[in-house]
Amino acid sequence: MPTEQLGDYEIDYSGVRMTDVDGWAAFVTVYGASANPMHRNSIVPAQRVAVEHVFATEAQAETEARKAAVAMVEEKTITPPPITPTA
């Protein structure tokens, strides 16, 4: 699963082999900043993007997933929760 840092966000994107049809689905998870560097703060849980499409290859699905994640971050359609310091 490729991972990329975009500003304050870390995105995981992947192509997942579908079992009910022949093809691949695009999936994204977005993590925001966390007060604990050992803990990733999932602000967009793993979800399928480009739901209307089934991709012929894993690489095509990953490319589409990355595009969707970048658009989410750039359009600020995700809002990270405030960071609260831990003692």
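Only residues that are acidic (Asp, Glu) and either touching a Pro at 6+ places or on another chain (Cβ under 8 Å) or at pLDDT 95 or above (or both): list them for the stretch 1-20, please.
Taking the stretch 1-20 as the starting set, the residues that turn out to be acidic (Asp, Glu) are 4, 8, 10, 12, 20.
Once the filter is applied, which keeps residues that are acidic (Asp, Glu) and either touching a Pro at 6+ places or on another chain (Cβ under 8 Å) or at pLDDT 95 or above (or both), the stretch 1-20 yields Asp8, Asp12.
Which pairs do you get when a residue that is free of Cβ contacts under 8 Å to residues at least 40 places away in the same chain and over 13 Å from Ala69 (Cα atoms), found in the stretch 1-29, comes within reach of a residue that is of a type in the set (D, E, K, R) and surrounded by 12 or more Cβ atoms within 10 Å (Cβ to Cβ), reach meaning Cβ atoms under 6 angstrom, with the pair 6+ apart or on two chains?
Close Cβ pairs satisfying both conditions: Met1/Asp12; Trp24/Glu58; Ala25/Arg48.
Quick one: in the stretch 49-63, of everything that is within 12 Å of the chain's Cα centre (by Cα) and not aliphatic (A, V, I, L, M), which residue is farthest from Ser14 (Cα to Cα)?
Looking at the filtered set, the residue picked out is Thr63.
Is it the case that the stretch 54-73 has a residue that's open to solvent by less than 100 Å² (accessible area, probe 1.4 Å), in contact with a helix residue (DSSP H, G or I) (Cβ under 7 Å, 6 or more places away or on another chain) and at pLDDT 90 or above?
In the first step, residues of the stretch 54-73 are kept if they are open to solvent by less than 100 Å² (accessible area, probe 1.4 Å); the result is 54-66, 68-73.
Filter again for in contact with a helix residue (DSSP H, G or I) (Cβ under 7 Å, 6 or more places away or on another chain), leaving 55.
Now drop any that are not at pLDDT 90 or above, which leaves 55.
The answer is yes; a qualifying residue exists.
The values are calculated or read from the model by the stated rules, or taken from the named source; none is laboratory data. All figures in this text were calculated on a predicted structure; none of them were measured in a lab. A quick note on method: Cβ atoms are made from the backbone with ideal geometry, for glycine too, and the neighbour counts reach across all protein chains shown. Side chains are part of the model used for accessible areas, which takes the heavy atoms of the whole protein and leaves out ligands, DNA and RNA. Shrake-Rupley method; radii C 1.70, N 1.55, O 1.52, S 1.80 Å.
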